[in-house]
Structure formats: C-alpha cells, structure tokens
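For reference, the structure is listed below as structure tokens.
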Amino acid sequence: MIGIIGAMEIEVMQLVKAMADTSQEKISGITYFLGRLNSSAVVIAKCGVGKVNAAVCAQTMILKYAPEMMINIGVAGSLSPAVSIGEIVLGDYAVQYDFDTSALGDPVGLTPEVNLVKMPCADNVLQLLQKAAARLMQIKCHVGTVATGDQFLNAPDLKKKLASDFSAIACEMEGASICQVCLLNGVPFGLVRAISDNADDDSDVDFNTFMRMAAAQSTALLLALMEELN
Ligand code: ADE
C-alpha cells in the first residue's frame, strides 16, 4: 500500500475522486480514504496545514495501514529564481528550518532523534518520482531541498535566508515533518510539491491565484507515478 498525504483538500481530492473500491475511516479528526489508484492499493489523507497535523496523520497512517511507501504531495513557495510557478519540485532532502536549539550550540534546523539538519528523502522513491515526471513532458521538474516550517512565507528576507542557509529551493509547511516520521519508522518517503507562489511580497495573492493549478500539477505527477508502478 502507498500512503499519500496532502495538507489541504484541494491537494488530495482529485486523487480521492480517481480512486476505485474506496472505503474511509476517521481517526483523530482525519479521514483516511482507502482504495486503488490504477492497480496500486493506496491510502490518502488530508492532514491539515502545519507540522503537527502532518506528523499526527503520518504516524497514524503508518501504525494503522503500514504503507510500504509514503508520499507528501501539494503546493509550495519557490525559493529560487530558477523554479517558477507551475513547476514541480521533488525533494531530495527536507529541513525543519524553524527548529532552533542554536542557543545550546546546535546548528539551526537540527532535528532531534533523527539528529540531522537535512533529512534525506528515500532514493528509490525519488527515482520513481523522476521516472513519473519524465512522463509529464510538459511540466518542468526540479530536484532539491525543501524547507518546512509553521509559517506561510511572504517575506523576501526569510526567503533569501532559507535559500542560502539550507540551499533550499522550495518552502512549505509539512514535508520535513512527514519525512521525520517516516525516518523514525523506517518508511521510504517521497516529497512532491508544485509551485504556487514565489514566497515573496506577492505570495498571498499568487497563492490564491495559482494554488488550484499547482495542486493539479502535483496530482498529475502522482497519477503518472501510478502508471509507472503499473
Ligand atoms: N505553500 C505554498 N506557498 C507557500 C509559502 N509561500 N509558504 C509556506 N508554504 C507554502
């Protein structure tokens, strides 16, 4: 079974609609949709925005349904001039940029227990996602570090800092949290984000304008992955 998590309804509902043989179960306020996409068994959930919601959902999904692979899909802000609205970022690493015990001598972003700043996404899942991306010839796809924090970025200064401190190319609010849960549980993790805005002064307006289109791009990549797995 493949576990798929998105923060917002718009990020997961097209996939849920494409499922066959669906059933659903609600746990701690989160609905888990079980069924098939193409020939793959999947469990899909909308976790809600932010790192705690994402961690609750990911851990529950793992304990309850034991997915052999977990993928976080959705939209993100771009941190790089090379990464434009509508394009896709596949995470190779994820960092919790707002985890800060630097006053105690640690590097900013160090995640305790995992004991890493940059947490790796699974190589084999990334390779599968790249193959899926190659099927979507019309969508440009980047691989790089994704920065996660409990903040919607519309600040050029913080954007520059995340790009320079972590060489991150996209920012969002759940990926590194789910990555951490997956590392703690030994579940291979993949991170797919389509760009809805540039995390700058205009990001609130751009987000509202482009999130639907960006969510459709990440959905398209997931459907291409299901074809790849067929
Ligand atoms: N998701 C999409 N755009 C974002 C932004 N600018 N900051 C945080 N998360 C996002």
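The values are calculated or read from the model by the stated rules, or taken from the named source; none is laboratory data. As the structure is a computational prediction, the values presented were derived from the model and not from experiment. Note that we place each Cβ from the backbone using ideal geometry, even for glycine, and neighbour counts take in every protein chain shown. These accessible areas exclude ligands, DNA and RNA; they are computed on the full protein's heavy atoms, side chains included. Shrake-Rupley method; radii C 1.70, N 1.55, O 1.52, S 1.80 Å.
If you take every residue apart from Asp100 with its C-beta less than 14 Å away from the C-beta of Asp100, what net charge results, scoring Lys and Arg +1 and Asp and Glu -1? Let's see the in-between values first.
Numbers: positive: Lys51, Lys161; negative: Asp98, Asp106, Asp150, Asp165.
In short, -2.
Determine the share of the chain's accessible area contributed by carbon and sulfur atoms, expressed in whole percent, with a 1.4 angstrom probe.
Details: 5060 of 9720 Å².
Of the solvent-accessible surface of the chain, carbon and sulfur hold 52 percent.
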Subtracting the Cα-Cα distance of Ala82 and Asn38 from 0.36 nm times their residue separation yields 12.5 nm
Hey, can you rank 171-179, 2-10 by average C-beta count inside 10 Å, highest first? 171-179, 2-10
The chain - Cys residues lacking any other Cys C-beta under 4.7 Å: Cys121, Cys141, Cys171, Cys179, Cys182
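Quick check: from the Cα gyration tensor, does the stretch 90-150 come out rounded (a/c under 1.5), prolate or oblate? Intermediate results must be reported in sequence, preceding the final value.
Numbers: a/c = 4.73, a/b = 2.58, b/c = 1.83.
It is prolate, given that a/c is not under 1.5 and a/b is the larger ratio.
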In nm, spacing of pseudo-spin labels at Gln130 and Lys160 (7 Å Cα→C-beta vector): 3.2 nm
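For every other residue with a beta carbon closer than 9 angstrom to the beta carbon of Asp197, add +1 if it is Lys or Arg and -1 if Asp or Glu, then tell me the sum. Don't jump to the answer; show the numbers that get you there.
Values: positive: none; negative: Asp200, Asp202, Asp204, Asp206.
Computed value for this residue: -4.
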For the chain, what are the DSSP H helices with axial Cα length of 30 Å or more and mean Kyte-Doolittle hydropathy of at least 0.5? 203-229
Restricting attention to the alpha-carbon atoms of the stretch 121-224, what are Rg (one decimal) and Dmax (integer), both in Å? 14.2, 39
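Rounded to the nearest whole Å², what accessible area per residue is found for the chain with the 1.4 Å probe?
Numbers: 9720 Å² over 230 residues.
I get 42 Å² per residue for the chain.
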Show that you can apply the helix-only estimate: for the chain, add -39,500 (n - 2.57) for every DSSP H stretch of four or more residues, divide by all residues, and state [θ] at 222 nm to the nearest 500. -12500 deg cm²/dmol
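Per 0.36 nm of contour for each residue apart, how much would the distance between Leu104 and Ile139 grow if the chain were fully extended, relative to their Cα-Cα spacing?
Details: separation 35, 0.36 × 35 = 12.60 nm, distance 4.34 nm.
The Leu104-Ile139 span can extend by a further 8.3 nm.
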Leaving out same-chain residues fewer than 8 places away, which lysines sit with a Cα under 21 Å from that of Lys26? Lys17, Lys46, Lys51, Lys64
